[in-house]
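Read the structure below first, then the notes.
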Amino acid sequence: MAVCVKILSAARQLHRNAAHVKLNWPNRSILTDTSVLNRLKHPRFYHINTGWFSDTALKTRITASYRVTARHHRWMRVVAVFHGQTELLTPTYRPYKLQDRTFGNRSSGADFPGEDGGDTAGSGGEESAGDGGAPYNGSQITALTPMMVPEVFPNVPLIAVSRNPVFPRFIKIIEVKNEALMELLRRKVRLAQPYAGVFLKKDDNNESDVVESLDSIYSIGSFVQIHEMQDLGDKLRMIVMGHRRLETLLVMGKMHSEADLGPELQTLPSSNILMVEVANVQHEQFTVTEEVKALTSEIVKTIRDIIALNPLYRSVLTVEEKIKQTHRKYLLQEQLKIIKKELGLEKEDKEAIEEKFRERLKDRAVPQHIMDVISEELNKLGLLDNHSSEFNVTRNYLDWLTSMPWGTNSEENLSLERAKEVLEEDHYGMDDVKKRILEFIAVSQLRGSTQGKILCFYGPPGVGKTSIARSIARALNRQYFRFSVGGMTDVAEIKGHRRTYVGAMPGKIIQCLKKTKTENPLVLIDEVDKMGRGYQGDPSSALLELLDPEQNANFLDHYLDVPVDLSKVLFICTANVVDTIPEPLRDRMEMINVSGYVAQEKLAIAERYLVPQLRSLCGLTEVKASISSDALSVLIRQYCRESGVRNLQKQVEKVFRKVAYRIVSGKQTTVTVTPDNLQEYVGKPVFTVDRMYDVTPPGVVMGLAWTALGGSTMFIETSLRRPVGGADPKGEGSLEVTGQLGDIMKESAKIASTFARAFLMGQEPQNQFLVNSHLHLHVPEGATPKDGPSAGCTIVTALLSLATNRPVRQNVAMTGEVSLTGKILPVGGIKEKTIAARRAGVTCIILPAENRKDYSDLPDYITQGLEVHFVDHYSQIYPIVFPQNQS
């Protein structure tokens, strides 16, 4: 392949450059003869230094007509040399020059002959290679003039080749070793007649370059032009190109052949044919028929198949074939576009895009200010080039603008009965949430139009906050869209990117409207209490505009850059805790607590929803697998005590997986899970006891705590660190607290200790236990961080129990913050704490008086069987936990 590229490059340069031939004029007298110059052809190549001529008329004539540069031992451009004046040429000097490439004696180091430095090379070459000079030393390359190829050239040197003929328009490298033929070719080249006839020998085993008879070669050959010649001394290496077909007529006479040879070779006896007289082969006229076309196509195909066998050309053909296929595909696609355009099936790209955008807006109530923006962008799109980057940016922008559901609303369900049916069908309990949704429907029914609201469901994980939002969307017949903001640190996720950025997109809420295709969807924003903050901004602050009823009617996205009405969107947010939600954001939302479930609720949820769904998911039927209610109760009580039902769902699925394995393996055909065989499917119980103390000793009191997983019971333990006799002489006692307590709970312990001393002096003035004793207060499960003010009254009770050495009433639990004067302040999480107390077997609970309203909202199955006391001062707790009749 590299050789072919070199050949083609040399051929191109040869056609662009004229040859440089060195004239060897021994004296200047020859130039006084105007006949010599008259016989020079093509005067445009010559320029004469008129200082060499003594004849004024000759000087004027030469300057005006021939422009020959005739300087001694210099190079000049020629295209022909007249017959009989060959002495003007140096006989054996062969180097020639092409633009940007030097061909000559490589050891000379000369630049372009005729420029500075060329004289030296020319002189040296002449001295060493003149007529009768020293023998040839080193290889020389001759690049010949690509002159106009004559149509008729009757006498040519004969070059005989073996096996591979030279076809017209083909380029080939030929080597000649016959001395007589080499000298003849050199002489022809020097005479600016670089032509020869190449004929194929009949005997492939004959390696000679010449033949003795025309019978040894085929009569048809090729007329070739020598494009480049490399003289290696003992052989010539030439690059030739075939031009047309030749036919041999006769062998030229010996005298005519010897005239072209040098004197040193004319004496060599030879019977070889060096020159032949030829004639051009005239092609027969023919008519192009289908048969001729088919034959031509097959010949071309066969030649290509043969060439493909050569690894040198195989890759070239592969590339050509791929290019041809790509070109053909492009032509077919262009033709298809033209056909479709003429049939009216397709229009120009810009017209089709514009028509598509206008078709989207046909049935939509687009606000006028937004329609003005769309029209302006469409006009801008028509002026842009299809391949410019701005064209794609504008097209994407119009795509988003026209995809928005301007004035499109889903028909909302305003039937309370239908909404109540859907909510009850999907979820058990959650009365607060269901009641709020029904109120929303009632208001919409009275107004006769839909409205947007911003609700926030908060509570422990696994209680159904996310799933209830999907049920609300189904009950209201609104489109549902959910996205989570947990861990989000980029404001652009909410407000969108500027259009100047590469890959810019609108924010989540605009994507929601495009996907749901309505202006009044239900949008669930999950995990609003877990948003982050990064160098891209504060997403919680970006939500302020989105969730503000006074602002979201004109919400401005950075990408769309036009106001969008979000007032009809029903936003529902979910969170586990409200403390991490920024106060301005929390102020914009209506908070609804979704508390945990008690055992009865979990059992009902498992029987109604979890067991049927998971049984079907595992490919089982009610006949093959069943779980008894007792087994579910044991599973809830001993394995799944958390507030939600997510872990219960995992355990039930685990049971059904093992049942499916037993049935498929052939061990059993039907399985019924009971409390007796439950451990075979879920392992050993996680919770074996409901509480740490069945009977609380003096100094230990049960409190109630709230966690993110729901409520739990928490025991407060107190004990002496030193014997009573080892009190401080000054009468000052101390209190040490452990159990990984937070700062708020440590302060509650100090306040409780101070109040307990004062209260004990009022009840038993002679008792100095809390004044001069060193006490230790501990909250078990030290690996769990604990904090909050609701343990104040529990700590006071534990210290008084230790000081009086009397245990508190059994099965009693309490919660409430105590002040320094004994006031009992309200706390949160009443439902979770009540559920935890009931689960632990508590029969009496003490709550702050201000939490009476929270307790009254609890369902009967939670409060049934509980003795509840509402207090506002600790003096009301003391007689309850230390009754007078207690021994």
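The values are calculated or read from the model by the stated rules, or taken from the named source; none is laboratory data. These figures come from a predicted structure and were not determined experimentally. Every residue, glycine among them, receives a Cβ derived from its backbone with ideal geometry; neighbour counts consider all protein chains shown.
Say whether the condition of being outside the structural domain of Q479 (by TED's automatic domain parsing) and within 25 Å of L566 (Cβ to Cβ) is met by at least one residue in the stretch 378-395.
Step one: filter the stretch 378-395 for residues outside the structural domain of Q479 (by TED's automatic domain parsing), giving 378-395.
From what is left, the residues that are within 25 Å of L566 (Cβ to Cβ) are none.
Scanning the stretch 378-395, I find no residue that is outside the structural domain of Q479 (by TED's automatic domain parsing) and within 25 Å of L566 (Cβ to Cβ), so the answer is no.
Counting just the residues of the stretch 306-333 that are more than 30 Å from D349 (Cα to Cα) and of a type in the set (A, V, I, L, M), which one comes out farthest from the chain's Cα centre (by Cα)?
Across the stretch 306-333, the extreme among qualifying residues is I306.
How about the stretch 454-478: which of its residues are more than 26 Å from R646 (Cα to Cα) and surrounded by fewer than 19 Cβ atoms within 10 Å (Cβ to Cβ)?
Once the filter is applied, which keeps residues that are more than 26 Å from R646 (Cα to Cα) and surrounded by fewer than 19 Cβ atoms within 10 Å (Cβ to Cβ), the stretch 454-478 yields only N477.
May I ask you to verify whether T794 is crowded, with 24+ Cβ neighbours inside 10 Å and under 28 Å from V594 (Cα atoms)?
For T794, the condition - crowded, with 24+ Cβ neighbours inside 10 Å and under 28 Å from V594 (Cα atoms) - is met.
From S540, S484, which residue is touching a Leu at 6+ places or on another chain (Cβ under 6 Å) and either buried (at least 16 other Cβ atoms within 10 Å of the Cβ) or at pLDDT 90 or above (or both)?
Working: S484 fails: touching a Leu at 6+ places or on another chain (Cβ under 6 Å).
Only one candidate qualifies: S540.
Considering only residues that are within 40 Å of the chain's Cα centre (by Cα) and over 20 Å from S467 (Cα atoms), look in the stretch 603-651 and name the one that is surrounded by the most Cβ atoms within 10 Å (Cβ to Cβ).
C618
Does R478 satisfy the condition of being at pLDDT 85 or above, part of a loop (DSSP other than H, G, I, E, B) and on the phi < 0 side of the Ramachandran plot?
Criteria met by R478.
In this structure, is L522 over 23 Å from the mean Cα position of the chain (by Cα), over 15 Å from R588 (Cα atoms) and not aromatic (F, W, Y)?
yes
Report yes if M702 is touching a Gly at 6+ places or on another chain (Cβ under 8 Å), closer than 30 Å to V771 by Cβ and not in a loop (DSSP other than H, G, I, E, B), otherwise no. Reasoning before the result, please.
Numbers: touching a Gly at 6+ places or on another chain (Cβ under 8 Å): no; closer than 30 Å to V771 by Cβ: yes; not in a loop (DSSP other than H, G, I, E, B): yes.
Against the criterion (touching a Gly at 6+ places or on another chain (Cβ under 8 Å), closer than 30 Å to V771 by Cβ and not in a loop (DSSP other than H, G, I, E, B)), M702 does not qualify.
Results for (1) over 17 Å from P698 (Cα atoms); (2) buried (at least 19 other Cβ atoms within 10 Å of the Cβ); (3) under 60 Å from the mean Cα position of the chain (by Cα), shown as yes or no for each residue.
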{"position": "N767", "(1), (2), (3)": "no, no, no"}
{"position": "S773", "(1), (2), (3)": "no, yes, no"}
{"position": "H776", "(1), (2), (3)": "no, no, no"}
{"position": "P780", "(1), (2), (3)": "no, no, yes"}
{"position": "T784", "(1), (2), (3)": "yes, no, yes"}
{"position": "S790", "(1), (2), (3)": "yes, yes, yes"}
{"position": "A798", "(1), (2), (3)": "no, yes, no"}
{"position": "N805", "(1), (2), (3)": "no, no, no"}
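Residue-by-condition table, conditions (1) in a loop (DSSP other than H, G, I, E, B); (2) crowded, with 17+ Cβ neighbours inside 10 Å; (3) at pLDDT 80 or above:
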position: W706; (1), (2), (3): no, yes, yes
position: I716; (1), (2), (3): no, yes, yes
position: S719; (1), (2), (3): no, no, yes
position: G725; (1), (2), (3): no, no, no
position: S753; (1), (2), (3): no, yes, yes
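Would you pick out the residues in the stretch 398-416 that are of a type in the set (S, T, Y) and either outside any loop (DSSP other than H, G, I, E, B) or closer than 18 Å to S567 by Cβ (or both)?
T402, S403, T408, S410
Which count do you get for residues in the stretch 390-428 that are among the aromatic types (F, W, Y) and at pLDDT below 90?
Matching residues across the stretch 390-428 total 2.
Collect the residues in the stretch 423-433 that are under 44 Å from the mean Cα position of the chain (by Cα) and assigned to a helix (DSSP H, G or I), keeping them in residue-number order.
Of everything in the stretch 423-433, those that are under 44 Å from the mean Cα position of the chain (by Cα) and assigned to a helix (DSSP H, G or I) turn out to be L423, E425, D426, V433.
Could you say which residue among R838, R852 is crowded, with 16+ Cβ neighbours inside 10 Å, of a type in the set (D, E, K, R) and within 60 Å of the chain's Cα centre (by Cα)?
R838
Looking at P549, is it of a type outside the set (A, V, I, L, M), surrounded by fewer than 16 Cβ atoms within 10 Å (Cβ to Cβ) and either under 14 Å from G452 (Cβ atoms) or touching a strand residue (DSSP E or B) at 6+ places or on another chain (Cβ under 6 Å) (or both)? I'd like the intermediate steps shown before the answer.
Values: of a type outside the set (A, V, I, L, M): yes; surrounded by fewer than 16 Cβ atoms within 10 Å (Cβ to Cβ): yes; either under 14 Å from G452 (Cβ atoms) or touching a strand residue (DSSP E or B) at 6+ places or on another chain (Cβ under 6 Å) (or both): yes.
For P549, the condition - of a type outside the set (A, V, I, L, M), surrounded by fewer than 16 Cβ atoms within 10 Å (Cβ to Cβ) and either under 14 Å from G452 (Cβ atoms) or touching a strand residue (DSSP E or B) at 6+ places or on another chain (Cβ under 6 Å) (or both) - is met.
For the list (1) over 35 Å from the mean Cα position of the chain (by Cα); (2) touching a residue at least 40 places away in the same chain (Cβ under 8 Å), I need the number of the one condition that R499 fails.
All conditions pass for R499, except number (1).
Could you list, ordered by first residue, the pairs with Cβ atoms under 8 Å in which the first is in the stretch 325-353 and closer than 25 Å to L398 by Cα and surrounded by 11 or more Cβ atoms within 10 Å (Cβ to Cβ) and the second is acidic (D, E) and modelled with pLDDT of 80 or more, at least 6 apart or interchain?
From residues that are closer than 25 Å to L398 by Cα and surrounded by 11 or more Cβ atoms within 10 Å (Cβ to Cβ), the pairs are K347/E355.
For the stretch 817-825, does any single residue satisfy the condition of being surrounded by 16 or more Cβ atoms within 10 Å (Cβ to Cβ), of a type in the set (S, T, N, Q) and outside the structural domain of M430 (by TED's automatic domain parsing)?
No, the stretch 817-825 has no match at all.
If you check S449 against the conditions, is it of a type in the set (S, T, Y), in the same structural domain as V523 (by TED's automatic domain parsing) and on the phi < 0 side of the Ramachandran plot? Lay out the reasoning, then the answer.
Working: of a type in the set (S, T, Y): yes; in the same structural domain as V523 (by TED's automatic domain parsing): yes; on the phi < 0 side of the Ramachandran plot: yes.
So S449 passes the test.
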